[in-house]
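Here you go, one structure.
The values are calculated or read from the model by the stated rules, or taken from the named source; none is laboratory data. Computed from a predicted model, the values in this text were never measured in an experiment. Quick note on the areas: whole protein, heavy atoms, side chains included, nothing else; ligands and nucleic acids left out. Shrake-Rupley method; radii C 1.70, N 1.55, O 1.52, S 1.80 Å.
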Amino acid sequence: MNKRRTFLFFIVVVITLSIISILNKPTENDYEKWLKKEYGIDCKEDCSIIEMTSINGDITERIKYADVKGTNSSGLFTLRINRQYQSLNDPENMMNIDVIGFNGRFYTLTSRNEPK
């Protein structure tokens, strides 16, 4: 009887943790807030155009990037977003952001600026 209670307790804990993870799964709105907090990026409507502040010495400029291609993969517990942005001022300037969201947080897989 004691093994049965231990087993049932274990099952209840696993189910509870699963439900909590499903309810805390990040959304696109959470992604926009994370971009603002982590990188200082402002999204316009659906993050198809983003703005970044670039500081070079005494010069501060706002750079706009347009979404060139991207994928969203939604799992039971996770949301993975991989987007590639191209600068509207300099088409050679590309930026790639690849993140995974789990339990209300986003974790960077890769993020880089690269010439085309």
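When you have a sec, figure out the Kirkwood radius of the chain from all distinct Cα pair distances and drop it here in Å to one decimal?
Details: mean 1/r = 0.0613 Å⁻¹.
About 16.3 Å, per the Kirkwood formula over Cα pairs.
Treating the angle as unsigned and between 0 and 90°, give the value, to the nearest 10°, between the Cα long axis of helix 2-23 and the longest Cα principal axis of the chain.
20
If I ignore ligands, DNA and RNA and count only protein heavy atoms, how much of residue 48 is accessible to a 1.4 Å probe, in Å² to the nearest 10?
Here the residue's solvent-accessible area equals roughly 50 Å².
Straight-line reach only, C-alpha to C-alpha below 19 angstrom: list the aspartates and glutamates that residue 69 could link to, leaving out same-chain residues fewer than 8 apart.
Of all the aspartates and glutamates, those that pass the test against residue 69 - Cα under 19 Å, at least 8 places apart if same chain - are 28, 32, 42, 45, 46, 51, 90, 92, 98, 114.
Can you tell me the orientation of helix 28-39 relative to the chain, as the angle in degrees between its alpha-carbon axis and the longest Cα principal axis, to the nearest 10?
For helix 28-39, the angle is close to 60 degrees.
Rounded to the nearest 10 Å², what accessible area does residue 62 have for a 1.4 Å probe in the complete protein model?
Surface open to solvent at residue 62 totals about 100 Å².
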